[in-house]
Amino acid sequence: SNRPHLGGRWSGKVVPMRIRLDLAYDGAGFSGWAKQPGRRTVQGDLEAALEQVLRVSEARVVVAGRTDTGVHALGQVCHVDVEEWPDQTQRRLNAVLADDVRIRAAGPAPDGFDARFSALSRQYVYLISDSGLLDPRARGGVWVWRRGLDSESMHDAAQPLIGEHDFAAFCKARPEASSVRTVLELGVARRNDPRDPRLIEVAIRADAFCHSMVRSIVGALLAVGEGRLDADELGGILQAGQRVPRFTIAPAHGLALVEVAYPPDQELASQAQRARRFRGRST
């Protein structure tokens, strides 16, 4: 059917309907997610495409997690409120968007859904190659390290970071923003990947992340893998709560947002209500 999907009517006015959009993008060509004057961003491109295809003057997109400049996404999620969502809109949006961003799925969201506040967790993966065997075509998504790394020590060092902590030592400070986060999973392992038989994967899942948190943690783990930090020192750095010059922030291009997890539909609204109590938290 070519009949448009309407949000419904109340007192003679169209009630907006909420659309969930699942995205993937190559972050190399973007100055991050968030809209910025004079810069190309994922939000800017997506909102412009929505305005063109839906023929509206303004489309405001809310995202699950704002990625930094150069960071990729395989499983980004956002929502937009619209008055109608005609059939073939997803296809038409992908025809308008550049090839480095794709809408993988789109459609009406369940009641209570909020892409940001309903999310239970976000998962990122950082890829490092230290073998010298990386397929050159994969360099845009993998950090190439010229010296061998002890991935087992990196994994052991990461374990004290799991749980609820103040991650001020691993975040860029933002005024009046909390740096308390709950890391649900954090692991480092080598994986047999067609691009590199000894590729190192750092996988981290948390309720939310503060600015530069994942790349700071990866930088600290890299210092452990090289032997510049002892495996038991990361816990002390975490407890001290202050940034230290003993490790550097890992570059953006090795990082990708791979999944945003949500509760069952009947719990979406209550999860969003709980999360809004921490409105000052950056995700």
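Subtracting the Cα-Cα distance from 0.36 nm times the residue separation, let me have the gained length for residue 57 to residue 144 in nm, one decimal.
Details: separation 87, 0.36 × 87 = 31.32 nm, distance 4.39 nm.
Length difference between fully extended and current span is 26.9 nm.
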- Query: Modelled label-to-label distance, residue 266 and residue 87, 7 Å Cα→beta-carbon offset: nm?
  - Reply: 3.3 nm
- Given 0.36 nm per residue, what is the gain on full extension from residue 230 to residue 120 after removing their alpha carbon distance, in nm? 36.4 nm
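With Cβ to Cβ distances under 15 Å as the rule, what net charge do the other residues near residue 69 carry (K, R +1; D, E -1)?
Here the count lands on +2.
How large is the helix-only mean residue ellipticity at 222 nm for the chain, computed as the sum of -39500 (n - 2.57) over DSSP H runs with n ≥ 4, divided by its residue count, in deg cm²/dmol to the nearest 500?
Working: 6 runs with 60 residues, N = 283.
Computed ellipticity for the chain at 222 nm equals -6000 deg cm²/dmol.
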- Message: Counting only other residues whose beta carbon sits under 10 Å from that of residue 111, what net charge do I get with K and R as +1, D and E as -1?
- Response: 0
- Spin-label pair residue 178/residue 211, simplified geometry with 7 Å Cα→Cβ offset, distance in nm: 1.9 nm
- Note on the structure: For the stretch 105-111, Karplus-derived ³J(HN,Hα) couplings (6.51, -1.76, 1.60; θ = phi - 60°; whole Hz; x for glycine and proline) come out as 7, 7, x, x, 8, x, 4
- Query: Separation of the stretch 194-235 and the stretch 112-132 by C-alpha centroid, Å?
  - Reply: 14 Å
- Item | Per-residue HN-Hα couplings for the stretch 76-89 [Karplus 6.51, -1.76, 1.60; θ = phi - 60°; Hz; x = Gly/Pro] | 5, 10, 8, 9, 9, 9, 9, 7, 8, 9, x, 4, 6, 5
- Message: I'm spelling it out carefully: the read-out is volume of the Cα convex hull per residue in Å³, the candidates are (i) 218; (ii) 118; (iii) 155, and one was derived from this structure. Which label?
- Response: (iii)
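Of the listed peptides 184-191, 56-63, what is their order by residue-averaged count of other C-beta atoms within 10 Å, with the highest listed first? Let's see the in-between values first.
Values: 184-191: 16.8, 56-63: 14.0.
Ranking, from highest mean packing down: 184-191, 56-63.
Could you do me a favour and compute the accessible area per residue for the stretch 152-283, 1.4 Å probe, result in Å²?
Values: 6300 Å² over 132 residues.
Ligands and nucleic acids excluded, the result is 48 Å² per residue.
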- Query: Any idea of residue 144's accessible area? Nearest 10 Å², probe 1.4 Å.
  - Reply: 40 Å²
- Hey, with R₀ at 41 Å, roughly what FRET efficiency would residue 191 and residue 95 work out to, going by the Cβ-Cβ distance, to 0.05? 0.70
- Query: Counting only protein heavy atoms, what percent of the accessible surface of the chain is carbon or sulfur at a 1.4 Å probe?
  - Reply: 48 percent
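Using a cut-off of 11 Å between beta-carbons, work out the net charge of the residues near residue 135 (Lys and Arg +1, Asp and Glu -1, residue 135 not included).
Details: positive: 137, 139, 195; negative: 193, 196.
With Lys, Arg at +1 and Asp, Glu at -1, the neighbours total +1.
The values are calculated or read from the model by the stated rules, or taken from the named source; none is laboratory data. Note that this is a predicted model, so its numbers are computed, not measured. So basically every Cβ, Gly included, is an ideal-geometry build from the backbone, and we count neighbours across all protein chains shown. Areas reflect the complete protein model, heavy atoms only, side chains present, ligands, DNA and RNA absent. Shrake-Rupley method; radii C 1.70, N 1.55, O 1.52, S 1.80 Å.
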